[in-house]
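Asks: Once you've had a glance at the structure underneath, I'll fire off some questions.
Throughout, read-outs are computed from the coordinates displayed, never taken from laboratory work. Source: prediction; values computed, not measured. Positions of Cβ are backbone-derived with ideal geometry, glycine not excepted, and every protein chain shown enters the neighbour counts.
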Amino acid sequence: MAIPDSTHQVIGWDWDSIPGLPATHYLDNRIYTDPSLFQEEVGRIFKAQWKFACHESEVASPGCYRVIEVADTSVAVIRGADGALRAFLNVCPHRGAQLLRDVQGQLKGDRLSCFYHHWTFTAAGRCTTIPLPHAYVHDAIQADNVHLREVHLETTLGLVFINLSERPGQTLREFLGTALDQIAQPLTDLEVFHYHRVTVRANWKLFVETNCEGYHELLHLLNRTTALSQPSYLKRKWLLHPNGHHTFQPASIAYSKLKLGDRDSGTLPGMTPNMHVVVDLFPDVMVNARSTVIRVDSLIPIAPGLTILECRGLAPKSDTPEQRRLRIKQHNQVWGPLGRNLPEDIWAIETQWTNMRPRVFRHSLIAREDDDQATDDSPVRSFYAKWQELMGVKPSDIGLTENQSISESEYGR
């Protein structure tokens with residue numbers, strides 16, 4: 001057997017050089033791995049923009065709370081005795097202990113008390129009790145003027161968003177624009193019936209990418225069989241909204257080809273049988289509506305190569321027990337922890353991450369152009385345009401030498 005010539009190289013593709021493409025059409029793969037860049041993303045994106053927190057049904061009645069994580073920050077969303085939703089840093093102003101340590105629960109008598117020194121607060125954030133107050137001789141430390149740190153909170157269509165910045169540059173309505181219009185009716189009067197978390201060993205942006213490009217649907221047996229097999233599906237358009245949001249236009253999915261059960265029963269308002277619509281909200285949310293069930297995905301970045309994925313299944317509050325059983329079955333056939341698509345998405349991006357870390361290749365391509373149709377990379381480019389606006393650095397060249405970190409470079413401050 002002949003031994004291949006070790007000097008032989010394939011002509012026409014240089015793995016080490018910048019691709020001969022517009023800068024908007026490829027990525028410097030260090031955007032996934034650089035730890036300083038990751039910390040900048042936490043501050044400039046996750047802590048400075050509107051971030052999906054939970055659904056209103058998770059805090060449905062007075063005294064209900066839901067603790068959520070925004071990157072490295074714990075936030076408590078609480079419904080007060082007055083029925084209003086508020087959000088606070090989950091931090092006691094005394095010595096910094098976490099006030100609420102369960103993910104979800106019910107306050108006792110509209111009060112939350114710090115387990116450490118028993119400072120007590122109302123669900124509206126006002127301090128009511130400081131034990132043994134006589135030893136605090138300074139006027140600044142009194143129950144009347146010590147309160148929880150409130151976080152900006154706004155809601156739309158049952159979705160709760162928070163913003164950790166002191167002065168958000170936009171209202172939630174301004175930030176979202178028309179991005180949710182396509183699924184406003186199906187999102188009305190829903191409740192969370194399913195929740196699970198998945199640990200993803202990959203950078204958070206890799207999961208975002210897989211949700212905003214249709215080319216990867218070739219990965220999924222379900223999608224190849226029920227969607228891509230229909231000629232009209234590939235002509236489905238991506239609608240690009242301001243602020244990095246996208247809508248994947250409605251399509252009809254041939255679920256019958258995989259014998260997934262009756263998808264006509266229990267169709268959501270504003271949807272038609274077998275209808276599918278996707279909305280991606282910057283930076284990290286996918287609202288995936290499939291005729292009878294809606295799933296909302298959001299992310300918690302932990303480290304450059306570690307991400308927590310949260311998945312919520314939503315269904316009408318008015319469901320009968322029989323309707324809910326059918327909806328749960330349909331949800332789990334595709335989206336649940338053991339469903340068909342989610343494990344394949346995670347597997348794919350974790351293999352990407354495996355090759356990002358050792359820098360075996362330098363650039364990823366986002367260069368497909370197909371008139372904004374299903375397999376166009378235009379939504380990925382739109383996401384990175386917003387990312388660049390907030391981060392002040394080009395995704396195609398983050399301005400580092402091979403051994404330099406972001407914190408050591410000129411970083412467009």
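Asks: Normalising by the residue count of the range 110-158, find the relative contact order in percent from Cα pairs under 8 Å and 6+ residues apart. Walk me through the intermediate numbers first.
Replies: Values: 56 pairs, mean separation 13.2, N = 49.
For the range 110-158, the relative contact order is 27 percent.
Asks: What is the order of PHE46, PHE88, fewest Cβ neighbours within 10 Å to most?
Replies: On the way: PHE46 21, PHE88 25.
Ranking PHE46, PHE88 by Cβ neighbours within 10 Å, fewest first, gives PHE46, PHE88.
Asks: Counting only the backbone N, which residues of the range 281-316 are under 17 Å from the spot 7 Å out from the Cα of ALA48 toward its beta-carbon?
Replies: Zone members listed by number: 282-284.
Asks: Could you identify which residue out of GLY214, GLY392, GLY20 has the top mean-square fluctuation in a GNM of the chain using Cα springs shorter than 10 Å?
Replies: Answer for the Gaussian network model of the chain: GLY20.
Asks: Tell me which cysteines of the chain come out unpaired when the rule is another cysteine's Cβ under 4.7 Å.
Replies: CYS54, CYS64, CYS127, CYS212, CYS311
Asks: Next up: Is it possible to state the helix-based mean residue ellipticity at 222 nm for the chain, with each DSSP H run of 4+ residues giving -39500 (n - 2.57), the sum divided by total residues, to the nearest 500 deg cm²/dmol? What is it?
Replies: Details: 8 runs with 73 residues, N = 413.
Result for the chain: -5000 deg cm²/dmol, rounded to the nearest 500.
Asks: Ok, one more. Could you let me know the centre-to-centre spacing of the range 330-368 and the range 28-90, using Cα atoms, in angstrom?
Replies: 24
Asks: Take the alpha carbon atoms of the range 177-391, find their radius of gyration, then divide it by 2.2 N^0.38 Å using N residues; give the quotient.
Replies: 1.00
Asks: What are the radius of gyration and Dmax of the range 51-169, computed over its Cα atoms and given in Å?
Replies: Cα radius of gyration and Dmax of the range 51-169 are 14.3, 48 Å respectively.
Asks: Just one of [x] 1.57; [y] 0.98; [z] 1.02 is Rg/Rh (Cα atoms, Kirkwood Rh) calculated from these coordinates, so which is it?
Replies: [z]
Asks: Further, regarding this structure: Past 20 Å, Cα to Cα: identify those pairs from LYS47/LYS205; LYS237/LYS329; LYS235/LYS329; LYS51/LYS386; LYS205/LYS235, in the order given.
Replies: LYS237/LYS329; LYS235/LYS329; LYS205/LYS235
Asks: Let me ask another. Run the numbers on the chain and let me know its relative contact order in percent, using alpha-carbon pairs under 8 Å that are six or more apart.
Replies: In percent, rounded to a whole number, it is 20.
Asks: Still on this model: Note down the nm distance, to one decimal, between modelled labels 7 Å out along Cα→Cβ at GLU166 and at LEU221.
Replies: The modelled label-to-label distance comes out at 5.6 nm.
Asks: Right, something else. Can you give me the Cα centroid spacing of the range 146-169 and the range 118-133 in angstrom?
Replies: The distance from the Cα centre of the range 146-169 to that of the range 118-133 comes to 22 Å.
Asks: Once the piece of chain linking TRP347 and THR267 is laid out straight, how much longer is it, given 0.36 nm per residue of separation minus the C-alpha distance between them?
Replies: 25.7 nm
Asks: What is the dipole size for the chain, taken about its Cα centre, with +1 at each Lys and Arg Cβ and -1 at each Asp and Glu Cβ, in debye to the nearest 20?
Replies: Working: 42 positive and 48 negative charges, 246 e Å.
Its charge dipole is roughly 1180 debye.
Asks: Could you put ASP297, ASP14 in order, starting from the residue whose Cβ has the fewest other Cβ atoms within 10 Å?
Replies: Ascending number of Cβ neighbours within 10 Å: ASP14, ASP297.
Asks: Related question: Treat each spin label as a single point 7 Å out from the Cα along the C-beta direction, and report the THR33 to ASN355 distance in nm.
Replies: Reported label-point gap for THR33 and ASN355 is 1.3 nm.
Asks: Still on this model: Could you order the peptides 120-126, 110-116 from most to least packed, using the average number of other C-beta atoms within 10 Å per residue? Can you show the working numbers first?
Replies: Details: 120-126: 18.9, 110-116: 16.3.
The peptides rank, most packed first, as 120-126, 110-116.
Asks: So, one more: Just add up the charged neighbours of LEU190: K/R +1, D/E -1, any other residue whose Cβ is under 14 Å from the Cβ of LEU190. Working shown, then result.
Replies: Details: positive: ARG290, ARG295, ARG312, LYS317, ARG324, ARG327; negative: GLU56, GLU58, ASP189, GLU191, ASP319.
So the environment of LEU190 carries a net charge of +1.
Asks: Output wanted: per-residue J couplings in Hz (rounded whole) for the range 155-169, from phi through Karplus 6.51 cos²θ - 1.76 cosθ + 1.60, θ = phi - 60°, x for Gly and Pro.
Replies: Working through the residues one at a time gives 10, 8, 6, x, 8, 9, 10, 10, 9, 7, 6, 5, 9, x, x Hz.
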